[in-house]
Amino acid sequence: MKYNNTVEENLTEEKKKFDPASFFTKNYIVCICAIFCCLLWGSAFPCVKIGYKLFAVDTESTPSLMLFAGTRFALAGLLVIVFGCITQKKFIFPRPRNIWKICLVALFQTALQYTFFYIGLAHTSGVKSSVLNGLGVFFTIICACFIFRTEKFNLVKLAGCILGFGAVILINLGGDFTFKFTLLGEGFVIFSGLSAAVSAGLVKVFSKSENTTVLCGYQFLLGGIVLVIIGLCFGGTYRPVSAGSIFMLIYLSFLSACAFTLQGFLLKYNPVSKIAVFKSTNPLFGAVFSAIILGEKDQLLSYFTLIAIALVCTGIFIINKFGEKRLKIKKSG
């Protein structure tokens, strides 16, 4: 009897030792994981553009863009599911009552977000896309406050949002002070950020009743298959032009699988605002990678882009540093 009690105590100790809730709420773990996610997402901006060339994707053909995106995310879903099966030593599948939740996440996270993202990225620069995509952080705050009601909106958060939208205006001002904005370019990149914000809120809520790995893996697989079907039905095509094409596709799939799943765990165990503060590095990484890989150094080094990045980062910092603190107002008398 004493032996059994000792075994149970050891098992209990092991569970505490590897408790994901305890692990993913440690500040240094949150910092490392969140920045790593942003690093991966930042690299996606130039890599997707390179992927268009490596697969001879006609960027003027929406079906081809959707087909390419669908292939990437279906593969990302398979990677997450295989990883889950290996780590959990069993085949993972969503609970029947949660299938509709996975479909809803797939709609916003994969189908809508990346349809907008791929089309938008094909019609604007990588540097500008990375900065505009940073608005997703502000959309996340707004959704959390008014749609999911997990946070309260205040003047501090409003000020941060104003800074963010100011960056959108600034990044669209060219050297001749003209406002350049197209629906298929800058507009679709912003819609992509909005879809990502909704999906972040859904993951925060749904991960309470479904395994995070299952939720992430199957939403990618389902969303990717939907995009592939739509792309094929409307005549989308692409073809690999070299051996490097396959490696690029695998990397794009890996970064999506890794970053989104890791973010899913962070959102599950932490407040949305705590994670959002680190996304201030997302537009910065995207701009830097685009400048280095795509040679968009002139745009990166322009005053407009640098100030816009500063505004995005400052707005996000203000929201997350002071957004939850109540303003102290002295009452007269």
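Can you bin the stretch 30-139 into rounded, prolate or oblate? Criterion: square roots of the alpha carbon gyration tensor eigenvalues sorted a ≥ b ≥ c, rounded for a/c under 1.5, prolate for a/b above b/c, oblate for the rest.
Prolate, since a/c reaches 1.5 and a/b exceeds b/c.
For the pair Trp100 and Lys53, what calculated FRET efficiency results from E = 1/(1 + (r/R0)^6), where r is the Cβ-Cβ distance and R0 = 45 Å, to the nearest 0.05? If you can, show how the numbers build up before the last one.
Values: r = 38 Å, r/R0 = 0.86.
The formula returns an efficiency of 0.70 here.
Which whole DSSP H helices in the chain pass both tests: a Cα extent of 15 Å or more along the axis and a mean Kyte-Doolittle value no lower than 0.0? Show your work: numbers first, answer last.
Values: long enough: 2-17 (22 Å, -2.17); 27-54 (40 Å, 1.48); 62-88 (38 Å, 1.51); 135-146 (17 Å, 2.59); 155-171 (24 Å, 2.41); 188-206 (26 Å, 1.87); 212-233 (32 Å, 2.05); 243-269 (40 Å, 1.44); 281-294 (19 Å, 1.64); 303-322 (28 Å, 1.91).
Helices meeting the span and hydropathy rule in the chain are 27-54, 62-88, 135-146, 155-171, 188-206, 212-233, 243-269, 281-294, 303-322.
Residues of the stretch 39-74 with amide nitrogen under 15 Å from the 7 Å Cα-to-Cβ point of Thr237?
Residues 55-65, 67-68 qualify, since their backbone N sits under 15 Å from the label point.
Could you tell me whether the stretch 209-323 comes out rounded, prolate or oblate from its Cα gyration tensor? Rule is a ≥ b ≥ c as square roots of the eigenvalues, rounded for a/c under 1.5, then prolate if a/b exceeds b/c, otherwise oblate. Present the calculation step by step, with values, prior to reporting the outcome.
Values: a/c = 2.42, a/b = 1.18, b/c = 2.05.
Oblate, since a/c reaches 1.5 and b/c is not below a/b.
Tell me which label goes with the value of Kirkwood radius over Cα pairs in Å computed from the coordinates here: [x] 21.6; [y] 24.1; [z] 20.8.
[z]
Modelled label-to-label distance, Ile292 and Lys321, 7 Å Cα→beta-carbon offset: nm?
Result for the modelled spin labels: 2.6 nm.
For the chain, what does the relative contact order come out to in percent, with C-alpha contacts under 8 Å and a separation of six or more?
Values: 519 pairs, mean separation 123.2, N = 333.
Computed value for the chain: 37 percent relative contact order.
Cβ neighbours within 10 Å, averaged per peptide: list 45-54, 111-120 in order, most packed at the top.
Values: 45-54: 20.8, 111-120: 24.0.
Top to bottom by mean Cβ count within 10 Å: 111-120, 45-54.
Measure off, as a whole percent, the carbon and sulfur share of the 1.4 Å-probe accessible area of the stretch 202-276, all protein chains present. Provide the component values of the computation, followed by the final result.
On the way: 2220 of 2930 Å².
The computed percentage sits at 76.
Pop out the carbon and sulfur fraction of the accessible area of the stretch 43-120 as a percent, whole number, probe 1.4 Å.
On the way: 2350 of 3300 Å².
Roughly 71 percent, rounded to a whole number.
In nm, what is the difference between 0.36 nm times the number of residues separating Ser302 and Glu60 and their Cα-Cα distance? Don't jump to the answer; show the numbers that get you there.
Numbers: separation 242, 0.36 × 242 = 87.12 nm, distance 2.79 nm.
Stretched out fully, the Ser302 to Glu60 stretch lengthens by 84.3 nm.
Go through 308-318, 249-259 and give me the packing order, highest mean Cβ count within 10 Å leading.
Numbers: 308-318: 22.5, 249-259: 20.1.
In descending order of packing, they fall as 308-318, 249-259.
The values are calculated or read from the model by the stated rules, or taken from the named source; none is laboratory data. Computed from a predicted model, the values in this text were never measured in an experiment. Reconstructed Cβ throughout: ideal geometry from the backbone, glycine too, with neighbour counts over all protein chains shown. What goes into the accessible areas is simple: the full protein's heavy atoms, side chains included, and nothing from ligands, DNA or RNA. Shrake-Rupley method; radii C 1.70, N 1.55, O 1.52, S 1.80 Å.
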